[in-house]
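Undergrad: Dropping the structure in here first, questions after.
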Amino acid sequence: MDCWTCERTALGACRFCGRGVCRQHAKMHPFILDTFRGTKHEKLRALVVDDALHCGVCRPKSDPVELPELE
Ligand SMILES: [Zn+2]
Ligand SMILES: [Zn+2]
């Protein structure tokens, strides 16, 4: 797999869209690992990892969102 941006060998794949990214073009972006409902909170919340690999090309949402459609 090659980097989407510069076509050199990719070191990883974007967590969001699957494009290849080299070290130079890799970016970090929060990624939602799981969603849960705490005992103290009524709303469904999301567990995120802050530094998931991101290609810099696709545009995932920057903030965890409430998921009323899954409730
Ligand atoms: Zn690159
Ligand atoms: Zn991407």
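Taken together, the values in this text are just the output of simple stated rules run on the coordinates, not laboratory data. From a predicted model like this one, the values you see are computed outputs, not experimental measurements. So basically every Cβ, Gly included, is an ideal-geometry build from the backbone, and we count neighbours across all protein chains shown.
Undergrad: Whole-Hz Karplus ³J(HN,Hα) for segment 24-34, in order, using 6.51 cos²θ - 1.76 cosθ + 1.60 and θ = phi - 60°, x for Gly and Pro?
TA: Those phi angles translate into 5, 9, 5, 10, 10, 8, x, 10, 6, 7, 7 Hz.
Undergrad: Still on this structure, please answer the following. With each label point set 7 Å from Cα along the Cα-Cβ vector, what nm distance links Cys58 and Arg8?
TA: Between Cys58 and Arg8, the label points sit 2.3 nm apart.
Undergrad: I've got another one for you. Which residues' amide hydrogens lie under 5 Å from the amide hydrogen of Ala46, considering only partners 5 or more residues apart or on another chain, with H built in the peptide plane?
TA: Hits under the 5 Å cutoff: Phe36.
Undergrad: Name the most mobile residue of Arg37, Arg19, Arg59, meaning the one with the largest mean-square fluctuation, in a Gaussian network model of the chain with Cα contacts below 10 Å.
TA: Arg37
Undergrad: Another one. For the chain, what is the Kirkwood hydrodynamic radius in Å, using each pair of distinct C-alpha atoms?
TA: Computed over the chain, the radius equals 13.3 Å.
Undergrad: What ranking, highest mean first, results for peptides 6-13, 21-28 when packing means the other Cβ atoms within 10 Å averaged over each residue?
TA: 21-28, 6-13
Undergrad: Defining a contact as two alpha carbons under 8 Å apart and six or more residues distant in sequence, what relative contact order in percent does the chain show?
TA: Answer for the chain is 28 percent.
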